[in-house]
Every structure is written in structure tokens, then in C-alpha cells.
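Since the structure comes first, as C-alpha cells, the remarks are kept for the end.
The values are calculated or read from the model by the stated rules, or taken from the named source; none is laboratory data. Keep in mind it's a predicted model, so treat the numbers as computed, not measured. Because the Cβ atoms are built from the backbone with ideal geometry, glycine has one as well, and the counts that use them run over all protein chains shown.
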Amino acid sequence: MHQEQEYLTKEKFKALGKELEHLKTVKRKEAAEALEYAKSLGDLSENQEYQEARDSQAILEDRISRLEAILKSAKIVSAQGTNLIAVGSVITVEKDSDKSHKSYTIVGSEEADATNGKISINSPLGIAAVGKSKGDKFSFETPSGMMSYKIIDIK
């Protein structure tokens, strides 16, 4: 299975590393204890607590695997000192249709949080903006039609 390149800031890389360590130590132990307790309740075929403990453990192991894969292949990025949009850039754009200004931080997909202005490099806006510089115009297709922007500032 091919995994797309994950771009992370140094801070997010550290945070994911901490989360992974917590999951592997504290959460794995809690999951094992919950499983042991549920087993002690008797007949496993009709034991709802046992099924829930197994499901929780599977979800935990999936997250651990995902974090390990991300951290192993992640590219640490910093946009400081460049005038081209890249992961880590904070951009201010002007929407052609209404001349409104919005600021976004371009991040890797693991950090994306649109409600807080963090747009994935793999989103339509991210893909269209990367590599552009101040003053450039760009457009991209959305479900509601073509969107056009002008880059006002890059930090």
C-alpha cells in the first residue's frame, strides 16, 4: 500500500511522538487490563465488555501503527526564509469574487483543521497555492464551482 508523503512541522512531529509513546505505554497497559477484567467475567461469546475491550484494543493498535508509519516517513518542513508557499507558510489570500481576505496556514494532512485556518497541502486550495509567490493568482475547482484567489502575503 502506497502512503502519500506526510509533511509535518517540527512541533507536530514532537507531539505525535509523545502521543505514540503514551499509547504504547499507558494506553496499551490500560487496554490489556480491561481485556483481562472482561475475560474474568465469564462466557466470552456473550460478554459485551469483552467485545468492547477487544474493539478498543484494535482501534488503539491501528492508531499506533498509523503514527509509527507517519513518523517513519514524515518530512519535517519549515517555510521560514522563503517567499514561495510551502508547508508551514501562513498565507493571506484575497477571494476574487468578493475581495474578502482570509489567512491560512498550509500544513500536512495530519495537522489539517479548517475551522482553525489550517489547510492541508493535499486540499484543493493547498495543491493550487503551493509554489506560488506574493502577487500570484491561482484557481481551483470546488464542488460549488471554480474559486479564484490572489496571494496578498506569505509569512
- Unique residue being of a type in the set (S, T, Y) and at pLDDT 90 or above when the list is T9, T25: T25
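Yes/no per residue for (1) hydrophobic (A, V, I, L, M, F, W, C); (2) at negative phi; (3) part of a helix (DSSP H, G or I); (4) at pLDDT below 85:
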| site | (1), (2), (3), (4) |
| --- | --- |
| D55 | no, yes, yes, no |
| D62 | no, yes, yes, no |
| R66 | no, yes, yes, no |
| L71 | yes, yes, yes, no |
| Q80 | no, yes, no, yes |
| G88 | no, no, no, yes |
| S97 | no, yes, no, no |
| S109 | no, yes, no, yes |
- Please verify whether region 105-122 includes one or more residues that are more than 26 Å from K12 (Cβ to Cβ) and of a type in the set (D, E). no
- From the option list D113, D43, D136, D62, single residue qualifying as closer than 30 Å to E30 by Cβ, acidic (D, E) and more than 24 Å from the chain's Cα centre (by Cα) is D43
- Query: Mind checking which residues of region 120-151 are in a strand (DSSP E or B) and of a type in the set (A, V, I, L, M)?
  - Reply: M146, M147, I151
- Message: Quick check on region 130-155: of everything there that is closer than 17 Å to S100 by Cβ and among the small types (G, A, S), which residue is surrounded by the most Cβ atoms within 10 Å (Cβ to Cβ)?
- Response: S148
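Take region 95-129 and flag every residue that is closer than 14 Å to D153 by Cα and surrounded by fewer than 17 Cβ atoms within 10 Å (Cβ to Cβ).
Listed by number, the residues that qualify are K95, S100, H101, K102, S103.
Of the residues that make up region 43-52, is at least one exposed (fewer than 14 other Cβ atoms within 10 Å of the Cβ), closer than 30 Å to G126 by Cα, of a type in the set (G, A, S) and at pLDDT below 90? Walk me through how you get there before you give the answer.
Step one: filter region 43-52 for residues exposed (fewer than 14 other Cβ atoms within 10 Å of the Cβ), giving 43-46, 48, 51-52.
Applying the additional criterion that residues be closer than 30 Å to G126 by Cα yields none.
Taking every residue of region 43-52 in turn, none turns out to be exposed (fewer than 14 other Cβ atoms within 10 Å of the Cβ), closer than 30 Å to G126 by Cα, of a type in the set (G, A, S) and at pLDDT below 90.
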- Query: Filter region 67-94 for residues that are of a type in the set (G, A, S) and surrounded by 13 or more Cβ atoms within 10 Å (Cβ to Cβ); which is farthest from the chain's Cα centre (by Cα)?
  - Reply: A79
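Answer yes if at least one residue in region 56-66 is free of Cβ contacts under 8 Å to residues at least 24 places away in the same chain, among the basic types (K, R), surrounded by 13 or more Cβ atoms within 10 Å (Cβ to Cβ) and within 17 Å of L16 (Cα to Cα), and no otherwise.
Start the filter on region 56-66 by keeping residues that are free of Cβ contacts under 8 Å to residues at least 24 places away in the same chain, which leaves 58-59, 61-62, 65-66.
Then keep just the ones that are among the basic types (K, R); that gives 66.
Still in the running and surrounded by 13 or more Cβ atoms within 10 Å (Cβ to Cβ): 66.
In the following step, the residues that additionally are within 17 Å of L16 (Cα to Cα) were identified as 66.
Yes, because at least one residue in region 56-66 is free of Cβ contacts under 8 Å to residues at least 24 places away in the same chain, among the basic types (K, R), surrounded by 13 or more Cβ atoms within 10 Å (Cβ to Cβ) and within 17 Å of L16 (Cα to Cα).
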- Residue check, Y104 against (1) at pLDDT below 90; (2) outside any helix (DSSP H, G or I), all met but one. Which one? (1)
- Given (1) closer than 23 Å to I76 by Cα; (2) within 15 Å of the chain's Cα centre (by Cα), number of the condition S103 does not satisfy: (2)
